[in-house]
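Quick notes on the structure that follows.
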Amino acid sequence: MRRLIPLLLLAVALTSVAQNPIICDQFTADPTARVFNNKVYLYPSHDIIPPEGQRQDWFCMADYHVFSSDNLSDWTDHGVILRQEDVPWGNPEGYAMWAPDCIQKGDKYYLYFPDRPREGRGFAIGVATAERPEGPFTCESEPIQGVTGIDPCVLIDEDGIAYLYWSGAGLQGARLKDNMTEIEGEPTAEHTMQGLPEGFKEGPFVFKRNGWYYLTFPWVRHEGGTETLAYAMSRTPLGPWDFKGIIMSEHANGCWTNHHSLVEFRGQWYLFYHHNSLSPNDDKRRSVSIETVVFRPDGTIQQIYPTSPATTQD
């Protein structure tokens, strides 16, 4: 009976999630899910068809939408919350509004996002703030100084200390100051996460559960391969990390990227990720899907297999 009850609960959780992908009227990728005010808010990037003059075979993103749901089946699109033209320091024609994150501290919501700067090369990470999770958001006049890269993620620990994680030269992390717009010290080699496997890594998402910190990330484990979702665990927020393995294998149809977040909602953990199920001939236009997550007694994560129509390799 003890084993039957968790299985019944899992079945209820599975039936409560809408058929994948969850948003079908636009392309959504790189989903960060957060629970605010007893709702799940989804902050994805927004893939679009490249306009004339832009590279046609690459990622193209000009703005961010936010979606919310109280049942994971019915999603409300709150519209555009930030455009590339709204970023004072960003390139208004960069089309590089890649994977974002949003976190609440006090009575403010902080949106973290990458963008190409007006001057120079590469990416910087900016911050926009709002009084509500759906905005409107107001962008800071400058990006986070000393941080170069993409895919920001923020963890606020139980003691109130916040940490920023990002992809640059590998996966990096640093403590944020109380203002949430500056890091403590300068990024150096010591900010690189230690204990992770060889191979291309990006898109860190960090969360805490039962005293364990989980660093999860897209990982290309084979030369010339595509991305898996993998993870490592630690007793401290910046590691060193103990690599544990795969959360989700490579997409079977060759979709090159995956990107994700994990969130607990009403007692059940969920994985949000993307796949090109709405654009099977174009893996630069992706769509968000959801799966349930099962943790073993030791805290490790059972491998997740996508439900239709997304599929992965064995």
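The values are calculated or read from the model by the stated rules, or taken from the named source; none is laboratory data. Everything numeric here is computed off the predicted structure, so don't read it as measured data. Here the Cβ is made from the backbone with ideal geometry for all residues, glycine too, and neighbour counts use every protein chain on show.
In the stretch 245-254 there is no residue that is under 27 Å from Gln145 (Cβ atoms) and either buried (at least 17 other Cβ atoms within 10 Å of the Cβ) or hydrophobic (A, V, I, L, M, F, W, C) (or both). Here Pro306 qualifies as at pLDDT below 95, of a type outside the set (Gly, Ala, Ser) and surrounded by 20 or more Cβ atoms within 10 Å (Cβ to Cβ).
The rows are residues; the columns are (1) within 13 Å of Thr216 (Cα to Cα); (2) part of a strand (DSSP E or B); (3) in contact (Cβ under 8 Å) with a residue 60 or more places away in the chain; (4) aromatic (Phe, Trp, Tyr).
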| site | (1), (2), (3), (4) |
| --- | --- |
| Thr236 | no, no, no, no |
| Pro240 | no, no, no, no |
| Ile247 | yes, yes, no, no |
| Tyr273 | yes, yes, yes, yes |
| Ser279 | no, no, yes, no |
| Asp282 | no, no, no, no |
| Gly299 | no, no, yes, no |
| Tyr305 | no, no, no, yes |
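Taking strands (runs of 3 or more DSSP E) as the structural unit, those lying wholly within the stretch 105-166 and holding at least 3 residues that are β-branched (Val, Ile, Thr) correspond to 124-130, 150-156. Starting from residues that are exposed (fewer than 11 other Cβ atoms within 10 Å of the Cβ) and of a type in the set (D, E, K, R), keep the ones in the stretch 179-194 and report whichever is modelled with the lowest pLDDT. Per the criteria, the residue is Glu190. Determine whether Gly199 is at positive phi, over 19 Å from the mean Cα position of the chain (by Cα) and not in a strand (DSSP E or B). Spelling it out, Gly199 is indeed at positive phi, over 19 Å from the mean Cα position of the chain (by Cα) and not in a strand (DSSP E or B). Being out of contact with any strand residue (DSSP E or B) (no Cβ under 7 Å at 6 or more places or on another chain), of a type outside the set (Gly, Ala, Ser), more than 28 Å from Lys39 (Cα to Cα) and surrounded by fewer than 19 Cβ atoms within 10 Å (Cβ to Cβ) is a property that Glu198 has. Total residues in the stretch 49-68 satisfying the condition of being crowded, with 17+ Cβ neighbours inside 10 Å and without any contact (Cβ under 8 Å) to a residue 40 or more places away in the chain: the figure is 4.
Consider Arg175 carefully, then state whether it is outside any strand (DSSP E or B), surrounded by 15 or more Cβ atoms within 10 Å (Cβ to Cβ) and either touching a residue at least 12 places away in the same chain (Cβ under 8 Å) or under 18 Å from the mean Cα position of the chain (by Cα) (or both). Judged against the criteria, Arg175 is not a match. The residue of the stretch 148-171 that is surrounded by the fewest Cβ atoms within 10 Å (Cβ to Cβ), among those that are touching a strand residue (DSSP E or B) at 6+ places or on another chain (Cβ under 6 Å) and touching a residue at least 60 places away in the same chain (Cβ under 8 Å), is Tyr163.
Is it the case that Val80 is surrounded by 22 or more Cβ atoms within 10 Å (Cβ to Cβ), β-branched (Val, Ile, Thr) and under 26 Å from Thr257 (Cα atoms)? The answer is no for Val80. Is there a residue being out of contact with any Gly (no Cβ under 6 Å at 6 or more places or on another chain), more than 18 Å from Tyr273 (Cα to Cα) and at pLDDT below 95 anywhere in the stretch 59-75? No, because not a single residue in the stretch 59-75 is out of contact with any Gly (no Cβ under 6 Å at 6 or more places or on another chain), more than 18 Å from Tyr273 (Cα to Cα) and at pLDDT below 95.
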